[in-house]
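The values are calculated or read from the model by the stated rules, or taken from the named source; none is laboratory data. All values derive from a computational prediction rather than experimental measurement. All Cβ positions, even for glycine, are placed from backbone atoms using ideal geometry, and neighbour counts span all protein chains on display.
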Amino acid sequence: MDNQARKELLQSFCETNELRKTMLRPFVVGDNVCATDAHSILLLPATEDDKAEYQPQGKVPDVTAYLKQETEFFMYLDLECLKCEREKIQKKVDEIDDKCPDCRGTGMVEYEYYSVHSDRYKLEHTCPVCEGTGERDISNELGEEEYSMPLTEKYKLSIFRMDDIIRTLGFFGKQKCALLKQKGTPSVPYHIIEPEFHLIVMPSLRS
């Protein structure tokens, strides 16, 4: 296994919000190395290098309760079918107007300045709303029903969680796997447990 690719996979599950500092990087939990953004949790068997590099820094999330859950079969997942569902949703996502309304997608805004002598200056500046990206945040819209895959009458998989599963199965060359739920209850999260990894995903509530 390519060590750099493995590190990149772990990092892709980490938090990106600087306010959650302990989740910005993977951390060792028992015999596993864990990466999480609090929505998905990826655990891989920890190597000696992991134990040296990813010792917890500060108070990390306690994921041991999830590891102790008794699970049972919920449904099979097929990687190609999951990719097809994801592509259908992506077509809907592509129809969303994600341009920043303030700069009309240019990343720049115009403003006028008048000097003390009433001279008028017309200037351009990076859009303060989108910070020059030209895009608006559509993450809330992506949480809506039409951009998700229904699992039960109560729960759905967002495109973000679908991406987590697709990325992990693809990395380990798994074409099919079992999605597990907590035994005896409809409770979440859902688990995918394979010899090479343990993936835990938090579904969203359906509207």
Filter result (more than 16 Å from ASP37 (Cα to Cα), out of contact with any Leu (no Cβ under 6 Å at 6 or more places or on another chain), in contact (Cβ under 8 Å) with a residue 24 or more places away in the chain and surrounded by 12 or more Cβ atoms within 10 Å (Cβ to Cβ)) within the stretch 178-207 | ALA178, LEU180, LYS181, GLN182, VAL188, ILE193, GLU196, ARG206
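Taking the stretch 72-120 on its own, how many of its residues are of a type in the set (Ser, Thr, Tyr) and within 30 Å of LEU151 (Cβ to Cβ)?
Residues flagged as of a type in the set (Ser, Thr, Tyr) and within 30 Å of LEU151 (Cβ to Cβ) within the stretch 72-120 amount to 1.
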For the stretch 119-185, which strands (runs of 3 or more DSSP E) that fit wholly inside it have 1 or more residues that are touching a Phe, Trp or Tyr at 6+ places or on another chain (Cβ under 6 Å)?
-> 120-126, 176-182
If you check GLU144, GLU124, which single one turns out to be over 30 Å from GLN11 (Cα atoms), acidic (Asp, Glu) and surrounded by 10 or more Cβ atoms within 10 Å (Cβ to Cβ)?
-> GLU124
Of the residues in the stretch 94-115, those that are loosely packed, with under 14 Cβ neighbours inside 10 Å, within 16 Å of GLY134 (Cα to Cα) and of a type in the set (Gly, Ala, Ser) number 0
Would you mind stating whether THR106 is modelled with pLDDT of 90 or more and touching a Gly at 6+ places or on another chain (Cβ under 8 Å)?
-> yes
Subset of the stretch 2-26 that is surrounded by 11 or more Cβ atoms within 10 Å (Cβ to Cβ) and of a type in the set (A, V, I, L, M, F, W, C) - its residue that is nearest to LYS51 (Cα to Cα) = LEU10
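Results for (1) in contact (Cβ under 8 Å) with a residue 24 or more places away in the chain; (2) hydrophobic (A, V, I, L, M, F, W, C), shown as yes or no for each residue.
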residue: LYS21; (1), (2): yes, no
residue: ASP31; (1), (2): no, no
residue: HIS39; (1), (2): yes, no
residue: THR64; (1), (2): yes, no
residue: PHE73; (1), (2): yes, yes
residue: LYS92; (1), (2): yes, no
residue: ASP102; (1), (2): yes, no
Of (1) closer than 22 Å to GLN182 by Cα; (2) at pLDDT 95 or above, SER12 satisfies every one except (1)
Within the stretch 186-195, is there a residue that is within 21 Å of the chain's Cα centre (by Cα), within 30 Å of THR47 (Cβ to Cβ) and of a type in the set (Ser, Thr, Tyr)?
-> yes
Residue satisfying condition, being among the β-branched types (Val, Ile, Thr) and closer than 19 Å to ASP164 by Cβ, within set VAL109, VAL129, VAL116, VAL93 = VAL93
